[in-house]
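This report refers to the structure that appears directly beneath it.
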């Protein structure tokens with residue numbers, strides 16, 4: 001049994017979360033079903049039940065896509081500040 005908090009949040013019992021692959025970040029859909037409520041996963045369970053190798057393969061593919069996007073991005077030329085780090089240290093040395 002779960003209780004609804006003052007923020008209208010509900011805890012899912014661990015046994016059910018494990019059985020149906022419910023984890024933090026998983027979207028649930030709440031549907032009226034007559035006098036009851038039906039809760040279902042927004043995505044098929046298989047999406048959340050990936051093994052370690054498949055998750056690593058997807059992560060590596062995403063990393064390659066991000067690296068490719070960043071390599072196409074043009075960076076603006078560095079702007080001069082009018083001072084250098086060495087000048088900051090020189091000012092500090094004169095105060096001693």
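Each reported figure results from applying straightforward, stated rules to the coordinates on display, with no laboratory input. Since the model is a prediction, treat every value here as computed from it, not as a measurement. In this analysis, Cβ positions are derived from the backbone assuming ideal geometry, glycine residues included, and neighbour counts consider all displayed protein chains.
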Which whole-number percentage describes the relative contact order of the chain, with Cα contacts under 8 Å and a sequence gap of 6 or more? 13 percent
If one computes P(r) from the Cα atoms of the stretch 1-55, what percent of pairs lie at distances over 19 Å? 37 percent
Dividing the alpha-carbon radius of gyration of the chain by 2.2 N^0.38 Å (N being the number of residues), what value is obtained? 2.13
Using 0.36 nm times the number of residues separating residue 74 and residue 53, minus their current alpha carbon distance, what extension gain do you get? 4.1 nm
Measure nothing but the geometry: give the 0 to 90° angle between the long axis through the Cα atoms of 52-72 and the longest principal axis through the Cα atoms of the chain, rounded to 10°. 40 degrees
Between residue 26 and residue 63, what's the calculated FRET efficiency when r is the beta-carbon distance and R0 is 22 Å? Round to 0.05. 0.40
Return a whole-number percent for the relative contact order of the stretch 1-55, with Cα pairs under 8 Å and 6 or more residues apart as the contact set. 22 percent
How far is helix 85-94 tilted off the main Cα axis of the chain, in degrees rounded to 10, range 0 to 90? 60 degrees
